[in-house]
Structures are given as C-alpha cells and as structure tokens.
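Colleague: Have a look at this one before I ask anything.
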Amino acid sequence: MLPNETIDQFDTRFTAIINDINDLGKEYTKKNVALRILRALSKKRWRTKATVIKDTKDLSKLTTLQLFSTLKTHEFDLDYDEEVGKTSTQTPSKTVAFKASKSESIKMSECKKEAKRDKEANLNLN
C-alpha cells in the first residue's frame, strides 16, 4: 500500500494486478490473496486490524470483496476518530460540575411549600 493511499485506491490497484497475473495463467488461493493484501497494508495504521483478521477469519473462505469491505469500514472508523480528535483539540471545552448541598435542598423544599400555599390561596379567592 502506498503512503496516503486509501483502501479504495489500493483495492482498485491490487485487483488490477491480480487480474493481470491471472491472465498470465497463475492462480492464487483465497488465503494467499488475503495474506498478500494484509501484508501490503501499512504497519503503522493497519497492524492491529490485520492481526485481528488473521486470527478471527477463515482466510481460505474470505473473498477479496469481503476483506476489502472490512478494511474500508475500519478505514472509515479511523478517519472519523482522527477527525473527532482534531476538533476536540482545536476547540477545548470546559466541564463544569455543581455540588449540591443539603441546605440547597431545604431551600428548594421551602420554595415548593410556599408555591403550594400560594396556589391554595389563589383557589380560595376564586
């Protein structure tokens, strides 16, 4: 995979190469193709995902379409996480927490009692 190349671009390039090789009479198994794709991914960004795919998927049954779909989904998630990370560092936000005390609760309950009395007084006047 080339630097700054998307999975979609890599898919197109890799598929063209494999098709050309197939036209020359060389056939690859699904497992061999999947391993070549995973090996070609940049280690910095894709090492974890490649390891997970190798460990959890049956590479002999995994088609290139399924593999590239999985990789595209992961790329979308990575790009989204990077974008969210950029926005959160550009506009730092403050978190404010308020502490409630018992005296505040007592004041609130007194206000509620007064409001109830006012309401009853208004009803009695009508």
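Colleague: Output the residues belonging to region 1-41 that are open to solvent by 50 Å² or more (accessible area, probe 1.4 Å) and within 20 Å of the chain's Cα centre (by Cα).
Modeller: Residues satisfying the conditions are Asn4, Thr6, Asp8.
Colleague: Then there's this: Only one of these conditions is not met by Lys54: (1) under 20 Å from Asp79 (Cα atoms); (2) under 22 Å from the mean Cα position of the chain (by Cα). Which number is it?
Modeller: (1)
Colleague: Report, by residue number, each residue of region 42-81 that is polar (S, T, N, Q) and either open to solvent by 60 Å² or more (accessible area, probe 1.4 Å) or part of a helix (DSSP H, G or I) (or both).
Modeller: Taking region 42-81 as the starting set, the residues that turn out to be polar (S, T, N, Q) are 42, 48, 51, 56, 60, 63-64, 66, 69-70, 73.
Passing the criteria: Thr48, Thr51, Thr56, Ser60, Thr64, Gln66, Ser69, Thr70, Thr73.
Condition check ((1) at pLDDT 75 or above; (2) within 20 Å of Thr48 (Cα to Cα)) across all residues:
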| residue | (1), (2) |
| --- | --- |
| Leu71 | yes, yes |
| Glu75 | yes, yes |
| Thr87 | no, no |
| Lys94 | no, no |
| Ala100 | no, no |
| Glu104 | no, no |
| Lys113 | yes, no |
| Asp118 | no, no |
| Asn126 | no, no |
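Colleague: Looking only at region 10-24, decide whether some residue is modelled with pLDDT under 85 and assigned to a loop (DSSP other than H, G, I, E, B).
Modeller: Taking region 10-24 and keeping what is modelled with pLDDT under 85, we get none.
No: region 10-24 contains no residue that is modelled with pLDDT under 85 and assigned to a loop (DSSP other than H, G, I, E, B).
The values are calculated or read from the model by the stated rules, or taken from the named source; none is laboratory data. Model, not experiment: these values are computed from the prediction. Only protein heavy atoms, including side chains, enter the accessible area calculation; ligands, DNA and RNA are left aside. Shrake-Rupley method; radii C 1.70, N 1.55, O 1.52, S 1.80 Å.
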